[in-house]
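> Structure below; questions to follow.
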Amino acid sequence: MHVNEQLLQWFNEHEGQFVSGQQLSQHLGISRTAVWKRIKKLEKQGYQFESAPKLGYRLIRKLLPLQVDWLKLQLQGNPFAREIHWLDRVDSTQTRAHQAYIAGATEGTVILAEQQHAGRGRFGREWHSPAGTGIYMSLILCPRIPLAQATHMTLLISVSLCRAIRKLTGANVTIKWPNDLLIKGYKISGILVDTIAEADQVKTMIAGIGISVNMDLEDFPEPLRAKATSLKIATGHNLSREQLIISFFKQFEELYAIYLTKGFAPIRHLWEALTSTLQSHVVVTTPQGQVAGLAEGITENGALRVRDQQGQVHTLYSGDLAWSP
Ligand code: BTN
């Protein structure tokens with residue numbers, strides 16, 4: 001057994017009790033400094049210890065890794081989760097999914113990580129990804145659609161996720177265009193879709209999904225606390241990350257089938273029913289500049305329609321949206 005596992009086992013056997021550095025060093029056959037270093041390493045992975053002079057250390061919060069075998073069992077037959085790869089600590093599942101795709105991975109490949117140290121958000125932002133408390137996953141998708149309709153997929157993902165979370169928690173989760181999920185205005189999930197196209201056709205999409213599930217407020221860095229929250233904070237209790245992942249894939253499979261048979265219209269209606277963006281005054285920052293006005297609706301291609309003060313309607317395919325004060 002690895003030293004870290006031995007250490008955790010010892011703490012488990014002494015649940016709720018302080019264990020001295022001396023005891024641990026004797027039990028593990030390593031120096032007290034080495035014990036201290038191991039504890040610091042575990043803390044980086046998300047475990048929390050209380051330390052007290054003379055008494056030693058006490059484990060106050062442990063994290064269970066995702067039950068991947070159970071996930072695989074529950075998702076058997078789901079075409080979008082055919083191959084689930086679980087990784088402990090990675091730079092970014094998005095980067096790993098790109099690498100997997102280049103190496104030949106196909107639709108239905110999912111990369112899941114317990115923790116990311118270089119999690120990526122939209123517009124080059126960082127995605128805070130502490131160990132064991134969130135969902136960080138990237139999906140490889142190969143829809144046969146024109147590039148102009150790539151937005152359909154991102155909206156389809158946000159609708160699926162929003163419905164999954166609502167169903168499991170009962171929380172009033174809404175979608176902020178294009179695909180942030182919010183509870184009471186605080187962000188709980190973000191979606192980043194990288195599209196690879198060939199001659200105006202989508203070839204592959206790497207859809208990265210980040211969900212803040214069981215974080216406490218102090219798990220977020222100070223600057224994020226004013227705008228982000230977790231499902232635990234919002235609902236008052238821990239949530240099974242596995243249930244959430246399973247529920248998402250079920251919703252996605254169901255809605256994707258509707259999309260294939262009936263087109264984008266039903267998905268658009270669902271999106272419109274779940275969004276908090278429409279009929280409000282917004283400012284959208286795009287690479288071409290800012291557009292301010294009333295968010296009126298989305299087009300057949302999934303673009304946002306914003307009517308400015310002069311009555312001109314702008315059709316926006318991507319951008320960073322804020323509500324006007
Ligand atoms: C955003 O709201 O800016 C999008 C955030 C997307 C984060 C997810 S976490 C899993 C995947 N890996 C990454 O590095 N990013 C995405």
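> In nm, to one decimal, how far is the residue 196 label point from the residue 279 one, both placed 7 Å along Cα→Cβ?
4.2 nm
> Right, another one. Say R0 is 51 Å: what FRET efficiency, to the nearest 0.05, do residue 254 and residue 310 get from their beta-carbon distance?
0.75
> While we're on this one: Go through region 223-235 residue by residue and turn each phi into a ³J(HN,Hα) via Karplus (6.51, -1.76, 1.60, θ = phi - 60°); whole Hz please, and just put x for glycine and proline.
Result, ordered by residue: x, 7, 5, 7, 10, 10, 8, 10, 5, 5, 5, 6, 9 Hz.
> How big is the chain on each of its three principal axes, counting only the C-alpha atoms and giving the largest first in Å?
74, 45, 34
> Ok, one more. With the cut-off at 1.5 for a/c, could you classify region 86-137 from its C-alpha gyration tensor as rounded, prolate or oblate? Write down the numbers at each step before the final one.
Values: a/c = 2.26, a/b = 1.42, b/c = 1.59.
Here region 86-137 falls in the oblate category.
> Carbon and sulfur: what percent of region 139-232's accessible surface (1.4 Å probe)?
50 percent
> At 10 °C and a viscosity of 1.306 mPa s, what translational diffusion coefficient does Stokes-Einstein give for region 1-88, taking Rh as the Kirkwood radius over Cα pairs? Give it in µm²/s as a whole number. Spell out each step's value before the answer.
On the way: Rh = 14.8 Å.
Approximately 107 µm²/s, per Stokes-Einstein.
> Using 19 Å as the Cα-Cα cut-off, could you pick out the over-long pairs in 184/250; 184/227; 203/250; 176/203; 62/184? Working shown, then result.
On the way: 184/250 26 Å; 184/227 10 Å; 203/250 23 Å; 176/203 27 Å; 62/184 29 Å.
Beyond 19 Å: 184/250; 203/250; 176/203; 62/184.
> Please state the shape class of region 169-264: rounded when a/c is under 1.5, otherwise prolate if a/b exceeds b/c and oblate if not, all from the C-alpha gyration tensor.
Prolate.
> Show me, for region 253-268, the HN-Hα J-couplings you get by feeding each phi into the Karplus relation (A = 6.51, B = -1.76, C = 1.60, θ = phi - 60°), rounded to Hz, glycine and proline as x.
Rounded to whole hertz, the list is 4, 4, 6, 5, 5, 5, 4, 5, 8, 10, x, 7, 3, x, 5, 4.
> Using a 1.4 Å probe, how large is the accessible area of residue 152, given in Å² and rounded to the nearest 10?
10 Å²
> Using a ≥ b ≥ c from the Cα gyration tensor of region 7-50 (square roots of the eigenvalues), is it rounded, prolate or oblate, where a/c under 1.5 gives rounded and otherwise the larger of a/b and b/c decides, a/b for prolate?
Oblate.
> How much of the DSSP bridge set in the chain is antiparallel, in percent, rounded to the nearest 5?
Here the share of antiparallel DSSP bridges comes out near 85 percent.
> If r is the Cβ-Cβ distance from residue 184 to residue 78 and R0 is 35 Å, what FRET efficiency results, to the nearest 0.05?
FRET efficiency, residue 184 to residue 78: 0.65.
> Follow-up. Of 177, 127, 36, which has the largest mean-square fluctuation in a 10 Å C-alpha GNM of the chain?
It is 36.
> For region 198-325, take N as its residue count and report Rg(C-alpha) divided by 2.2 N^0.38 Å.
For region 198-325, the normalised Cα radius of gyration is 1.29.
> Between the helical axis of 150-169 and the dominant principal axis of the chain, each derived from Cα atoms, what acute angle in degrees is found, rounded to the nearest 10?
So the helix axis and the longest Cα principal axis differ by about 50 degrees.
> Most fluctuating residue of 20, 189, 92 in a GNM of the chain with Cα springs under 10 Å: which is it?
20
> Could you work out how far helix 32-44 tilts from the main Cα principal axis of the chain, as a 0 to 90 degree angle to the nearest 10?
Between helix and principal axis, roughly 20 degrees.
> Name all residues of region 287-325 having a backbone nitrogen under 20 Å from the label point set 7 Å from the Cα of residue 149 along its Cα→Cβ direction, giving them as ranges.
298-305, 316-318
> If you don't mind, there's one more thing I want to ask. Please list 101, 186, 317, 259 from largest to smallest accessible area, probe radius 1.4 Å, with all protein chains kept in place.
Sorted by accessible area, descending: 317, 186, 101, 259.
> Pick from 148, 34, 105: which is most flexible by mean-square fluctuation in a GNM of the chain where alpha carbon atoms under 10 Å apart are linked?
Residue with maximal mean-square fluctuation among 148, 34, 105: 34.
> Any idea what angle helix 93-102 forms with the longest principal axis of the chain, computed on alpha-carbon atoms, 0 to 90 degrees, nearest 10?
70 degrees
> Now a separate question. Provide the gained length on full extension for the span residue 118 to residue 37, in nm with one decimal, where the gain is 0.36 nm per separating residue minus the Cα-Cα distance.
Length gained, residue 118 through residue 37: 26.9 nm.
> Given a 1.4 Å probe, how much area per residue of region 144-200 is accessible, in Å²?
Per-residue accessible area for region 144-200 comes out at 39 Å².
> Enter the accessible area per residue of region 5-128 (Å², integer; probe 1.4 Å; all protein chains in place).
Roughly 59 Å² per residue, with all protein chains present.
> Hey, another quick one. Please name whichever of 170, 209, 256 sits farthest to the positive end of the charge dipole of the chain, dipole taken about the Cα centre and charges placed at Cβ: Lys and Arg +1, Asp and Glu -1.
Towards the positive end, the residue furthest out is 170.
> Among the DSSP beta bridges whose two residues both lie in region 40-158, what percent are antiparallel, rounded to the nearest 5? It would help to have the intermediate numbers written out before the result.
Working: 10 of 17 bridges.
Taking every DSSP beta bridge within region 40-158, about 60 percent pair in antiparallel fashion.
> Next up: Tell me the accessible surface of residue 117 in square angstrom (1.4 angstrom probe, heavy atoms of protein chains only), to the nearest ten.
110 Å²
The values are calculated or read from the model by the stated rules, or taken from the named source; none is laboratory data. Quick caveat, the model's predicted, so the values are computed rather than measured. Please note: Cβ atoms are built from the backbone with ideal geometry, for glycine as well, and neighbour counts cover all protein chains shown. These area figures cover heavy atoms from the full protein model, side chains too; ligands, DNA and RNA do not enter into them. Shrake-Rupley method; radii C 1.70, N 1.55, O 1.52, S 1.80 Å.
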